[in-house]
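Can you read through this structure? Questions will come right after.
Bear in mind these aren't lab numbers, they're just calculated from the coordinates by the rules spelled out. Predicted model, so just to flag it, every value in this text is computed and none were measured. In this analysis, Cβ positions are derived from the backbone assuming ideal geometry, glycine residues included, and neighbour counts consider all displayed protein chains.
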Amino acid sequence: MKKYIAEVIGTCVLVFMGCGTAMLVGCDASNGSGYLLTALAFGLSIVAEAYCIGNISGCHVNPAVSLAVFIKGGIDAKDLIGYIVSQVIGAFIGTMLLAVIFASGNVTDMTGGFGANGLAGVNGSPIAGLVVEIVLTFIFVMTILGVTSEKFSHGSFGGLVIGLTLTFVHIFGIGLTGTSVNPARSLAPAVFAAMGGNAAPMASLWVFIAGPLVGAALAACIYKALER
């Protein structure tokens with residue numbers, strides 16, 4: 001149970017800090033600083049949580065990561081389900097906290113929808129968005145598997161490398177899809193946006209669930225074959 005609680009906390013922090021920063025600074029194409037600040041917020045959240053809960057749960061805080069670890073044999077089916085449920089709960093708690101903060105009307109949500117992902121950067125193309133999410137998740141998860149490999153230990157620098165990689169994929173992906181690479185991170189903001197009258201994120205939500213899961217599964221299968 002402790003590892004599930006850790007995943008709730010970790011995913012909550014990721015969504016609260018990452019999506020919250022996006023809501024504050026905006027992520028439009030003309031606002032380059034907003035890109036970097038949001039990318040850093042997501043990346044630094046992972047760095048912080050990796051050293052905080054990594055020794056408790058492994059700091060997956062992402063259903064795609066948990067799926068990859070499951071495929072590699074790092075967790076069993078029971079833990080896979082427990083991790084995913086915990087991550088979704090954490091994402092909803094994080095988004096709920098943002099809703100409380102921004103509901104006052106004194107703080108403006110620059111994204112217009114709790115930092116939810118969308119397809120505006122790929123001209124509304126779900127195929128293009130799917131490719132972006134598959135490729136970015138593949139890169140991110142391959143890095144995680146490499147850094148956490150028992151054969152090639154990277155010692156205490158693992159969390160930093162993973163966090164910087166998440167920053168790296170966000171810098172490229174924010175202008176295209178908002179960068180998900182994490183179904184839980186996409187689900188909660190989309191639901192809260194719909195509750196607030198913005199149904200657009202829900203229409204493309206499947207892209208941000210399927211893309212990361214496919215990318216993670218590909219990464220796990222390929223890394224498993226290469227590591228033998």
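Can you tell me the alpha carbon radius of gyration of the range 8-125 divided by the globular rule-of-thumb value 2.2 N^0.38 Å?
1.16
Which of Ser104, Ser57, Ser86 moves most in a GNM of the chain, Cα contacts under 10 Å?
Most flexible of the set in this elastic network: Ser104.
Sort the following peptides by mean Cβ neighbour count (other Cβ atoms within 10 Å, averaged over residues), highest first: 220-226, 19-25.
With the highest mean Cβ count within 10 Å placed first, the list reads 19-25, 220-226.
Measuring from the lowest to the highest alpha carbon on each principal axis, how far does the chain reach, largest first, in angstroms?
In descending order, the Cα extents are 51, 36, 30 Å.
Using just the helices of the chain, give the 222 nm mean residue ellipticity in deg cm²/dmol: DSSP H runs with n ≥ 4 each add -39,500 (n - 2.57), and the total is spread over all residues, rounded to 500.
The helix-only estimate for the chain comes to -25000 deg cm²/dmol at 222 nm.
On to the next question. Which residue, Glu133, Glu49, Glu150, tops the fluctuation ranking in a GNM of the chain built on C-alpha contacts under 10 Å?
Highest fluctuation among the options: Glu150.
Using Cα pairs under 8 angstrom and six or more residues apart, how large is the relative contact order of the chain, in percent?
Numbers: 393 pairs, mean separation 68.9, N = 228.
The normalised contact order for the chain reaches 30 percent.
Can you list the equivalent-ellipsoid semi-axes of the range 1-56, largest first and in whole Å, using the square root of 5 times each Cα gyration tensor eigenvalue?
Calculated on Cα positions only, the semi-axes equal 27, 10, 5 Å.
Which peptide among 115-128, 192-205 comes first, and what is the full order, when sorted by highest mean count of other Cβ atoms within 10 Å? Spell out each step's value before the answer.
Working: 115-128: 19.5, 192-205: 17.4.
Ranked by mean Cβ neighbours within 10 Å, highest first: 115-128, 192-205.
Report the residue, chosen from Phe157, Phe16, Phe172, that carries the largest GNM mean-square fluctuation when the chain is represented by alpha-carbon nodes joined by springs under 10 Å.
Judging by the Gaussian network model, the answer is Phe157.
If you stretched the chain out fully between Phe157 and Asn123, how much longer would it get, using 0.36 nm times the residue separation minus the C-alpha to C-alpha distance?
Taking Phe157 through Asn123 to full extension adds about 8.4 nm, to one decimal.
Next up: Express in whole angstrom the spacing between the alpha-carbon centres of the range 1-57 and the range 179-228.
Centre-to-centre (Cα) distance: 15 Å.
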